[in-house]
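The values are calculated or read from the model by the stated rules, or taken from the named source; none is laboratory data. Just so you know, these numbers come straight off a predicted model, no measurement behind them. Positions of Cβ are backbone-derived with ideal geometry, glycine not excepted, and every protein chain shown enters the neighbour counts.
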Amino acid sequence: MTGFALGVDQEEWCGQLRALAAERLRPLAEKGEPGRVNRPLLAALGELGLLERVFASGALELCLLRESLAYGCTEAETALALQGLGAYPVLRAGSEQQRERWLPGVRAGRTVAAFALSEPGAGSDAAALALAATADPAADGDGDGDGRGWRLSGEKCWISNAPEADFYTVFARTGEGPGAKGVSAFLVPADRPGLSGAALDMLSPHPIGSLTFDGVPVGPGDLLGEAGRGFRVAMDTLNLFRPSVGAFAVGMARAALDATLAYTADRTAFGGTLSDLQAVAHRVAEMATRTEAARLLVYAAAGAYDRGAGDVPRRAAMAKLLATETAQYVVDHAVQLHGAVALQRGHLLEHLYREVRAPRIYEGASEVQRTIIAKELYAGVAGAAGAVGTAGVAGVTAR
């Protein structure tokens, strides 16, 4: 594995993004209402061309974008990422008609997208989805008049941008096979009859809600890809976005670390600055080392994705796991070193302390990432053992 280092142009671009986030986007974020979609913020992301970069870039550039925005304005980073997460399945698996109908609005920040995978009884175990897509010739939700369709019945929960999104990428059980083999992906406009939702009051400030599907009609024109292949659509999306969740976490960790360096170098206590105390200096050194290690793993995973490497699921899981756990550690210790001032509403660290907890759960909790990593590692062992066994048989035959 090669080392990671940014080029001069990339460093300059990241610096510009951090400044843009702090000076242009943060004021818009501060005017928004917690738990609601901030449409002026989305429009600004579109106007600045940043939403376009989500769809036109590879994993490495997406990570640079998310880390830099997170450093200066976590709300802007999250709004951008949710647009990408909700609409990327349309880009990858949607028909030309679906892409032409929905993606221009997403890129411009006019159309709000959402990724509807989790359910009350199927969060970490995504293959256990219960939302049913029952065949119904009368449904024909896409309006093409071919008399073929399904009705969606059930619930989704913990859906970012719900219930205010303009369309949802919805994963439902069409029953072509057991488990993941019987899941299909649909593009469901928010105005479909039978679809309703409610906001959930959560710790982090971005919008999250539940959705209820009461016989929502969908047709073949609403399918994203092929029937029964929806789980692959979901996993392809998550394999791209998991390393970039790590980049989001790294951006928060770097912001907390820089705030801590500035504070401890200036704050006087016990006849000197806090940075003169070995206990403080060593803790800051640990925070910096963990942040750098997480950053390297994130960009190694992004590079592997862009190269089309075969070990992307393992690398993506490792990157998300280490980066989100590291960000929690760094922000928590930053609060401790600041003391009570960091607990005041409106303080950077008070904000980061609320923001940093959720990434260890969404898009696969840390425990799920460990399961993925272990599964990939043992699959490699089994494959190697099989190769050795085959080689042995061939050798005996040759004699």
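Values as computed for the structure displayed
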{"read-out": "All positions within region 89-122 that are acidic (Asp, Glu) and under 17 Å from VAL170 (Cα atoms)", "value": "GLU119"}
{"read-out": "When residues of region 258-279 are limited to those that are surrounded by fewer than 21 Cβ atoms within 10 Å (Cβ to Cβ) and of a type in the set (A, V, I, L, M, F, W, C), the one nearest to the chain's Cα centre (by Cα)", "value": "ALA259"}
{"read-out": "Members of region 234-254 that are crowded, with 24+ Cβ neighbours inside 10 Å and aliphatic (A, V, I, L, M)", "value": "VAL245, ALA247, ALA249, VAL250, MET252, ALA253"}
{"read-out": "Qualifying position, being closer than 20 Å to ALA255 by Cα, surrounded by fewer than 23 Cβ atoms within 10 Å (Cβ to Cβ) and outside the structural domain of GLY346 (by TED's automatic domain parsing), among GLU30, GLU100", "value": "GLU30"}
{"read-out": "Members of region 277-294 found to be of a type in the set (D, E, K, R) and within 13 Å of LEU337 (Cβ to Cβ), listed by number", "value": "ARG283, GLU286"}
{"read-out": "Criterion (part of a helix (DSSP H, G or I) and of a type in the set (Lys, Arg)) met by exactly one of ARG314, ARG345", "value": "ARG314"}
{"read-out": "Matching option when the condition is surrounded by 13 or more Cβ atoms within 10 Å (Cβ to Cβ), touching a residue at least 60 places away in the same chain (Cβ under 8 Å) and farther than 26 Å from VAL188 by Cβ, among THR78, THR74", "value": "THR74"}
{"read-out": "Of the criteria (1) out of contact with any helix residue (DSSP H, G or I) (no Cβ under 6 Å at 6 or more places or on another chain); (2) modelled with pLDDT of 95 or more; (3) of a type outside the set (Val, Ile, Thr); (4) within 19 Å of PRO89 (Cβ to Cβ), which one LEU129 fails", "value": "(2)"}
{"read-out": "Any strands (runs of 3 or more DSSP E) falling wholly within region 171-275 and containing at least 3 residues that are outside the structural domain of ASN38 (by TED's automatic domain parsing), in contact with an Asp or Glu (Cβ under 8 Å, 6 or more places away or on another chain) and closer than 30 Å to HIS351 by Cα", "value": "208-218"}
{"read-out": "Output for region 282-315, where each listed residue is free of Cβ contacts under 8 Å to residues at least 60 places away in the same chain, within 21 Å of VAL245 (Cβ to Cβ) and of a type in the set (Asp, Glu)", "value": "GLU292"}
{"read-out": "One residue from ALA133, ALA127 being assigned by TED's automatic domain parsing to the domain that holds LEU224 and in a helix (DSSP H, G or I)", "value": "ALA127"}
{"read-out": "Region 203-254, subset of a type in the set (Lys, Arg) and more than 18 Å from VAL54 (Cα to Cα), residue farthest from the chain's Cα centre (by Cα)", "value": "ARG229"}
{"read-out": "Selection status of THR174, surrounded by fewer than 17 Cβ atoms within 10 Å (Cβ to Cβ) and β-branched (Val, Ile, Thr)", "value": "no"}
{"read-out": "Where a residue in region 180-198 is without any contact (Cβ under 8 Å) to a residue 12 or more places away in the chain and its partner, wherever it lies, is not in a strand (DSSP E or B), with Cβ under 9 Å and at least six apart", "value": "ASP191/ASP166"}
{"read-out": "Among (1) outside any helix (DSSP H, G or I); (2) modelled with pLDDT of 95 or more; (3) of a type in the set (A, V, I, L, M, F, W, C); (4) out of contact with any Asp or Glu (no Cβ under 6 Å at 6 or more places or on another chain), the one test that VAL37 misses", "value": "(4)"}
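Residue-by-condition table, conditions (1) buried (at least 23 other Cβ atoms within 10 Å of the Cβ); (2) at pLDDT below 95:
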| residue | (1), (2) |
| --- | --- |
| GLY308 | no, yes |
| LYS320 | yes, no |
| TYR329 | no, no |
| ALA340 | no, no |
| GLU350 | no, no |
